[in-house]
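Shown next, in structure tokens, is the structure this report addresses.
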Amino acid sequence: MITKTYPVGTLPAYKYVVVLSEYQGKILLSRHKKRTTWETQGGKIEPGETPLMAAKRELYEESGAVDFKIEPLCDYWAGEVQTKEEGNGRVFLAKVKKLSAMPESEMAEVRTFDELPEKLTYPAITPTLFERKKQGIGKRLLYGTGNPAKLSLMRKNLEQLQIEIVGLSDIDVAVPQADEDGDSPLENAKKKAKCYYEAFQIPVFSCDTGLYFENVPEDKQPGVHVRRVNGKNLSDAEMLAYYSGLAAEYGGLHAYYRNAICLIMDEEHIYESMDETFSSEPFLITSVPHPDGIRREGFPLDCLSVDLTTGKYYYDLDPAELGKVAAEDGSRRFFEKITGIFPHNML
């Protein structure tokens, strides 16, 4: 069996979860009824479950833990050379505060250990994951977004800086509703970052974007209300219909995005920017959607957006070209300037 670990969010199509749990300062392991060896809590992700949901369920079912704090540590891949069986998973850390009687399951007992015992059910996997735990979580930030497309893009953008990005769906807490009633992208980014920092008390950053047109009246400018038109929040399909219609009315929309970011490390260390490097290159929003009918969830206007330099739809640009027109390197440069402030193990 071969096991490799990766930053959170690196691997697709998770099949399994593993929980490295601790109780009263000791390692908490479980024993299967059919085995004499010890193992971490975990198992397959059931249909309809997120990795976090599966981790919480498995931890309770296999240990009886009813009060605990849980957070993602890393992704992992495990494969068997001979059988060619393989799968991706996510590893979680759990600090258990209270154990109840174990529910009826395949586990016979749960026990604490000062260190990993010799008799392990998965001797090729478990030590590797605990070694990854010893390395710590490292440079990690909470990104205040529930948009999976934006989360994936930011993870890719900051990959070279070795910053792990955790989204709101990755943490085991109730997420408050942040106000986004500011008049600029920076005001909204600050409002969201402050809301999430006050709720979670961990380093967090939020971003916001405004869309602006050069050739339409002020009352038609979306600004920070790209999805909200005439008091209604639009779905992806409704956005396509509205903006393609507006483009038809004005013979195309000469557009650009203004982007802003706010990072709160603690109450005394707040960093923000709406620098011009965050603004996108000018582009055209056309009334004719991409001919292949391509749609990318979370970025509906990309199928109407055309790069003025190449004449290509955004969907037809390679990643390097798209990164340039979308000014993705602006956020990277922002974090490059402040990486020295990061403490170890943020969450």
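The values are calculated or read from the model by the stated rules, or taken from the named source; none is laboratory data. This structure is a prediction, so every number in the text was calculated from the model and none was measured. Cβ: placed from backbone, ideal geometry, glycine included. Neighbour counts: every protein chain shown. To get the accessible areas, we keep the full protein, side chains included, count just its heavy atoms, and leave off ligands, DNA and RNA. Shrake-Rupley method; radii C 1.70, N 1.55, O 1.52, S 1.80 Å.
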Inset, instruction - Write out, first by first residue and then by second, each pair whose Cβ atoms fall under 8 Å of each other, whose residues are 6+ apart or on separate chains, and whose first residue, in region 252-276, is on the phi > 0 side of the Ramachandran plot while the second is of a type in the set (A, V, I, L, M, F, W, C) and part of a strand (DSSP E or B). - result: GLY252/LEU284; GLY252/ILE285
Inset, instruction - Would you check if LYS220 is free of Cβ contacts under 8 Å to residues at least 12 places away in the same chain, over 30 Å from LEU141 (Cα atoms) and basic (Lys, Arg)? - result: no
Inset, instruction - Please enumerate the residues belonging to region 168-188 that are within 27 Å of GLU218 (Cβ to Cβ) and part of a helix (DSSP H, G or I). - result: PRO185, LEU186, GLU187, ASN188
Legend entry - So GLY298, is it open to solvent by less than 30 Å² (accessible area, probe 1.4 Å), modelled with pLDDT of 85 or more and on the phi > 0 side of the Ramachandran plot: no
Inset, instruction - Grab the strands (runs of 3 or more DSSP E) fully contained in region 11-127, keeping just those with 3 or more residues being surrounded by fewer than 18 Cβ atoms within 10 Å (Cβ to Cβ) and in contact (Cβ under 8 Å) with a residue 12 or more places away in the chain. - result: 65-79, 86-99, 107-113
Inset, instruction - Return yes or no: is TYR250 open to solvent by less than 20 Å² (accessible area, probe 1.4 Å), farther than 14 Å from PHE334 by Cβ and at pLDDT 90 or above? - result: no
Inset, instruction - Please indicate, with yes or no, whether at least one residue in region 195-216 is under 17 Å from PRO300 (Cα atoms), in a strand (DSSP E or B), of a type in the set (D, E, K, R) and at pLDDT below 90. - result: no
Inset, instruction - Please go through region 128-165 and pick out each residue that is aliphatic (A, V, I, L, M) and open to solvent by 50 Å² or more (accessible area, probe 1.4 Å). - result: LEU153
Legend entry - Tally of residues being touching a helix residue (DSSP H, G or I) at 6+ places or on another chain (Cβ under 7 Å) and open to solvent by less than 60 Å² (accessible area, probe 1.4 Å) across region 221-245: 7
Legend entry - Subset tally (residues that are modelled with pLDDT of 90 or more and either polar (S, T, N, Q) or out of contact with any Leu (no Cβ under 9 Å at 6 or more places or on another chain) (or both)) for region 70-100: 5
Inset, instruction - Kindly indicate whether any position in region 273-284 is at pLDDT 90 or above, in contact with a Gly (Cβ under 6 Å, 6 or more places away or on another chain) and not in a helix (DSSP H, G or I). - result: yes
Legend entry - When residues of region 285-295 are limited to those that are modelled with pLDDT of 90 or more and either assigned to a loop (DSSP other than H, G, I, E, B) or out of contact with any Ser or Thr (no Cβ under 7 Å at 6 or more places or on another chain) (or both), the one least open to solvent (accessible area, probe 1.4 Å): HIS290
